[in-house]
1. Starting from one equal scatterer on each C-alpha and no solvent at all, send me the Debye-based log10 I(q)/I(0) for the chain at q = 0.11, 0.12, 0.14 Å⁻¹, two decimals.
2. For the stretch 112-246, take every pair of Cα atoms, bin their distances at 5 Å starting from 0, and report each bin as a whole percent.
3. Among 102-110, 163-171, 246-254, 48-56, how do they line up by average Cβ neighbours within 10 Å per residue, starting with the highest?
4. Over the C-alpha atoms of the stretch 43-87, what are the Rg and the largest Cα-to-Cα span, Dmax, in Å?
5. For the chain, build the charge dipole from Cβ charges (+1 Lys, Arg; -1 Asp, Glu) around the Cα centre, then report which of Thr121, Pro80, Leu224 sits farthest towards its positive end.
6. Taking the Cα centre of the chain as origin, work out the dipole magnitude from +1 charges on Lys and Arg Cβ and -1 charges on Asp and Glu Cβ, in debye rounded to 20.
7. Modelled label-to-label distance, Thr8 and Lys223, 7 Å Cα→beta-carbon offset: nm?
8. Can you compute 3J(HN,Hα) from phi for each residue in the stretch 16-24, using the Karplus curve 6.51 cos²θ - 1.76 cosθ + 1.60 with θ = phi - 60°, rounded to whole Hz and x for Gly and Pro?
Amino acid sequence: MCPPTYYTVNYEINPWMNVRSKPDKHKAPIQWKNYQKLLAKLKIKVHKIMPRPGLPDMVFTANAGLLSKKQFIVSNFRYPQRQGEAKFFSQWFKRRGHEVVNLPENLFFEGEGDALIFGDTLVAGFRFRSDIHSHRYIGAIIRKRVVSLELVNSNYYHLDTCFCPLNNETAMYYPGAFDKYGKKALTHLVPNLIKISKKDAMNFCCNALVSGKKIIMNNCTGKLKNRLEQIGFKVYCLDFSEFIKAGGSSKCLALYLG
């Protein structure tokens, strides 16, 4: 995770960002600290990377890349405003003994934002941020089958805003983010596929951090919370409203290390 020291909205690179509606500079750090405290309470170990001036979206560490064993596939960010982050994330992983893998420069890829592991499959999103051609390279590196899904609604510009694996058989998704093929592919891939409402999708409920049976997400409807708890999950709802102003919630704020 990366502290929100320099977090703000100074540019617009997704539909959620509005330079005239900036995150509250007092409220955002409180929300981040509340999240960090909950992770500590749940005994989820957190490592931090130092924030850097001029890189406000560095707080969204899920977009840094994809870690597979000792290999870290660093992101090729589509927008220049985020490209400076890659250097610092690469350095962080190199210092900890990981091999940093770079994709061809012409292939955009935005880490766990568009690449999520479901069982023995890598589910990868493309169109708004990542390129479909990057998926072939990533699949070969991590030696997993890849299912590529086109995102068709710009509100859900990263896969992790509309699809969330919960375990090897269960996942949440918002159908309105996918085309006909994508919805069919997910239906075949995921035995227990939970469809969430547009209200929960717009509240970034698919952008949830999952650790075992624990799920941390932005405030969701009682219907979704009850459904998840009925199948054995414990749902923790926090307020991530200031981070949603930049298009992210609990999942975007954390990169899985294992």
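The values are calculated or read from the model by the stated rules, or taken from the named source; none is laboratory data. As the structure is a prediction and not an experimental result, all values here were calculated from the model. Here the Cβ positions follow ideal geometry from the backbone for every residue, glycine too, while neighbour counts run over all protein chains shown. Calculation scope for accessible area: heavy atoms of the full protein, side chains included, ligands and nucleic acids excluded. Shrake-Rupley method; radii C 1.70, N 1.55, O 1.52, S 1.80 Å.
1. Taking Cα atoms of the chain as identical point scatterers yields -0.54, -0.65, -0.92.
2. Cα pair-distance distribution for the stretch 112-246, in percent: 2, 11, 22, 24, 21, 13, 6, 2, 0.
3. On the way: 102-110: 16.8, 163-171: 19.2, 246-254: 25.3, 48-56: 14.2.
Packing order, densest peptide first, comes out as 246-254, 163-171, 102-110, 48-56.
4. 11.6, 36
5. It is Leu224, whose Cα lies furthest towards the positive end.
6. Working: 39 positive and 19 negative charges, 145 e Å.
In total the dipole reaches around 700 debye.
7. Simple spin-label model gives 4.0 nm for this pair.
8. 7, 8, 9, 5, 8, 10, 6, x, 5
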